[in-house]
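Okay, structure first, notes after.
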Amino acid sequence: MSRLPINRSGEMAVFAKVVELGGFSAAASAFCMTPSAVSKLVQRLEERLGVRLVNRSTRRLQMTAEGCAFYERAVRILADIDEAEREAGSGEMPEGRVRLNVSASYATHVLMPVLPAFLSAFPSVSIDILQTDAVVDLMTERADIAVRAGPLKSSSLIARKLGSTSKMIVGAPSYLEPFGAPESVGDLEAMNRLSHSYARSVDGWPLLFNGEPVTLAPTERVRISDGEGLRQLALAGVGLARLPTFMVKEDIRCGRLVAVAEHLNPGDTESFHAVFHGQGGALPARMRAVLDFLATRGRISSP
């Protein structure tokens, strides 16, 4: 007698509900099952996978590392199944939620101004925005798309370029007034050079002095975790900052910041990319809509 086929998506849905609701009884109620039936289903799943997914006690369930990893993948698979069904019934109309991981500076200066146009064009797509300058694992953070600055490391991610920006050293008039505008590397060394509190691909400020490359290390007195915070510190007169042009061009135009030591600027640029998992097939319509919009309205440009 042949065995009945395993309903893997059904098992995933029940297991995910156990995790989200914190127990067998709550999940059983959600699926109109008995707690013992849910417990046996999870046990069968563990036996088939050959790993323990949850540690059981009389008071609560505790996820194992394998259980956490399986839950994250299961949630994504179930979301893709839902998306496939919606698209099949709606003629590939973009619908559903997209989780975007972006830096605070990209969100503030590029994404936020154009987001209303996207929401108007795609009323059935919802957006979750997660702001961090740190490079995150898309699977761990359950992010669909991330916008990253700088060189891309070799990975399984697919990238779409969103443009590039030059960089410049800027300071507030209130900070520069007692010192005057710096004219040399020595002048810059005597000033407070603000920095990020995390490792960067280029450690320090690249400069060009007498045709030779020079790297000037930031001071350690004030550091911060994101580029937008660095801009705010510069605006407050705490010190000088080296920032992408797209972040500060309006501040310079309005006189809130002043570009300094431009004759020492090596002319380096920083590229931006939208990265995502290709998933080995066609992307969901909701992700294609976001990626296409970012590639047109979410581009980085420097004057």
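The values are calculated or read from the model by the stated rules, or taken from the named source; none is laboratory data. The structure presented is a predicted model; accordingly, all values stated were derived computationally and were not measured. Remember, those area values only see protein heavy atoms, side chains included, never the ligands or the DNA or RNA. Shrake-Rupley method; radii C 1.70, N 1.55, O 1.52, S 1.80 Å.
Counting only pairs 8 or more residues apart or on different chains, how many lysine pairs in the chain have their Cα atoms under 22 Å apart? Please list the in-between numbers first.
Numbers: LYS17/LYS40; LYS153/LYS161; LYS153/LYS167; LYS161/LYS249; LYS167/LYS249.
Lysine pairs, 8 or more places apart or on different chains, close enough: 5.
Which value in deg cm²/dmol, rounded to the nearest 500, describes the helix-derived mean residue ellipticity at 222 nm for the chain, given -39,500 (n - 2.57) per DSSP H run of n ≥ 4 and division by the residue count?
Result for the chain, helices only: -11500 deg cm²/dmol.
Residue-wise, which Karplus ³J(HN,Hα) couplings in Hz belong to the range 34-47, taking 6.51 cos²θ - 1.76 cosθ + 1.60, θ = phi - 60°, and x for glycine or proline?
Whole-Hz 3J(HN,Hα) from phi for the range 34-47: 8, x, 5, 5, 5, 4, 5, 4, 5, 5, 4, 4, 4, 5.
Between ILE224 and residues 5 or more places away or on another chain, which pairs have amide H atoms under 5 Å apart, with H built 1.01 Å from N, and which residues are they?
Under 5 Å from the amide H of ILE224 lie the amide H atoms of SER195, HIS196, SER197, each far enough along the sequence or on another chain.
When the accessible area of the chain is split by element with a 1.4 Å probe, what percent falls to carbon and sulfur?
Ligands and nucleic acids excluded, carbon and sulfur give 52 percent.
Through the Karplus equation 6.51 cos²θ - 1.76 cosθ + 1.60, θ set to phi - 60°, convert the phi angles of the range 223-237 into ³J(HN,Hα) values in whole Hz; use x for Gly and Pro.
In residue order, the calculated couplings are 10, 8, 8, 8, x, 5, x, 4, 4, 5, 5, 5, 4, 7, x Hz.
Tabulate in residue order the Karplus-calculated ³J(HN,Hα) for the range 251-261, using 6.51 cos²θ - 1.76 cosθ + 1.60 with θ = phi - 60°, rounded to whole Hz; enter x for Gly and Pro.
4, 5, 4, 8, x, 6, 10, 10, 6, 10, 6
In terms of modelled amide H atoms, which long-range or inter-chain residues lie less than 5 Å from the amide H of VAL98?
Excluding prolines and chain starts, which carry no amide H, the hits are SER126, ILE127, ASP128.
Please list, short to long, the whole-number percent of alpha-carbon pairs of the range 222-263 in consecutive 5 angstrom bins beginning at zero.
Reading upward from the zero bin: 5, 23, 36, 24, 10, 2.
Which shape class applies to the range 181-240: rounded if a/c is under 1.5, otherwise prolate when a/b exceeds b/c and oblate if not, where a ≥ b ≥ c are the square roots of the Cα gyration tensor eigenvalues?
Oblate is the answer for the range 181-240, as a/c is 1.5 or above yet b/c matches or exceeds a/b.
Compute the Cα gyration tensor for the chain, then decide on rounded, prolate or oblate, letting a ≥ b ≥ c be the square roots of its eigenvalues: rounded whenever a/c is under 1.5, prolate when a/b is larger than b/c in the other cases, and oblate in all that remain.
On the way: a/c = 2.97, a/b = 2.22, b/c = 1.34.
Prolate, since a/c reaches 1.5 and a/b exceeds b/c.
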